[in-house]
Amino acid sequence: MARRNELVAVLNLLGLLGITAVQLSAYAFQFAQGELPCPLCLLQRVAFAMVAFGFLLNVTHGSQPAHYGIILLSALFGASVSGRQVLLHIVPGSGAYGSAILDLHFYTWAFLLFVATILATATLLLLHVGEVDATPATTSPTWLSLVVIAAIVITAANAVSTFIECGPIECPDNPISYWLLNVLAR
């Protein structure tokens, strides 16, 4: 039983680390390639942030069904948004948004990652059948703190960059510049 709880805690920490890495790579790609995220991309980032929040709760407060519910609902929302974007660009010649990695665009990868998150979370829930582990992860406090801080910083940075891109108004369908930088340049 204790080994299973440790395994679940480590898997939740790896889930948080993985989602944080996804957020970091999207954020870095935004600046390295100069590709501004579209409104659907921003909604996918919100879904990834909420998935990370669910894992963060499990890591810091112990695994709870409600935390897994946050992860599952967020991943379902993200899968629906990214699935819509895949369907918008699935017809040959209809164009695509952003660069491709291994011949798949970010929104396709996002869809696959959201589906994988749903499957992984369901598996984690099966490991909890008949019990609820209300103890936080027992990994090294330094390692745990670094992962938690990284998740929070990346999510906050995405929120700030989204405001700089869109401001208090609706984001354009195909953004080409940052709203705040344009306002300051006037």
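Using 0.36 nm per residue of separation minus the Cα-Cα distance, give me the extension gain between residue 29 and residue 156 in nm, one decimal. It would help to have the intermediate numbers written out before the result.
Working: separation 127, 0.36 × 127 = 45.72 nm, distance 1.66 nm.
Here the answer is 44.1 nm.
Kindly rank 163-175, 110-122 from highest to lowest mean number of other beta carbons found within 10 Å of each residue. Intermediate results must be reported in sequence, preceding the final value.
On the way: 163-175: 12.9, 110-122: 18.9.
Descending mean neighbour count gives 110-122, 163-175.
Compute the acute angle (0 to 90°) between the alpha-carbon long axis of helix 65-88 and the principal axis of greatest extent of the alpha-carbon atoms of the chain; round to the nearest 10°.
It is inclined by approximately 30 degrees.
Under 8 Å for C-alpha pairs, at least 6 residues apart: give me the relative contact order for the stretch 2-185, rounded to a whole percent.
Details: 198 pairs, mean separation 55.4, N = 184.
Once divided by the residue count of the stretch 2-185, the mean separation gives 30 percent.
In degrees from 0 to 90, rounded to the nearest 10, what is the angle of the helix 141-166 Cα long axis to the longest principal axis of the chain?
Around 20 degrees separate the two axes.
Please order 63, 80, 161 by the number of other Cβ within 10 Å, starting at the fewest.
Working: 63 26, 80 14, 161 19.
Exposure proxy ranking, most exposed first: 80, 161, 63.
Between 72, 125, 88, which gets the highest mean-square fluctuation from a Gaussian network model of the chain, Cα cutoff 10 Å?
Checking each option, the largest mean-square fluctuation is seen for 88.
At residue 184 and residue 149, where each label point lies 7 Å from the Cα along Cα→Cβ, what is the point-to-point distance in nanometres?
2.6
Go ahead and collect, in residue order, the members of the stretch 35-73 whose backbone nitrogen is under 19 Å from a label point 7 Å along the Cα-Cβ direction of residue 127.
51-73
Hey, fewest Cβ within 10 Å first, where do 102, 127 land in order? Please list the in-between numbers first.
Values: 102 6, 127 14.
In increasing order of surrounding Cβ atoms, one gets 102, 127.
To the nearest 10 degrees, how steep is helix 2-32 against the longest Cα principal axis of the chain, on a 0 to 90 scale?
The angle comes out at about 10 degrees.
Where nothing but the Cβ of Lys and Arg (+1) and of Asp and Glu (-1) is charged, how large is the charge dipole of the chain around its Cα centre, in debye to the nearest 20? Before the final figure, lay out the partial values.
Working: 5 positive and 8 negative charges, 18 e Å.
Taking the Cα centre of the chain as origin, the dipole is about 80 debye.
Values in this text are rule-based calculations from the coordinates and carry no lab data. Source: prediction; values computed, not measured. No Cβ is skipped: glycine too gets one built from the backbone with ideal geometry, and neighbour counts run over all protein chains shown.
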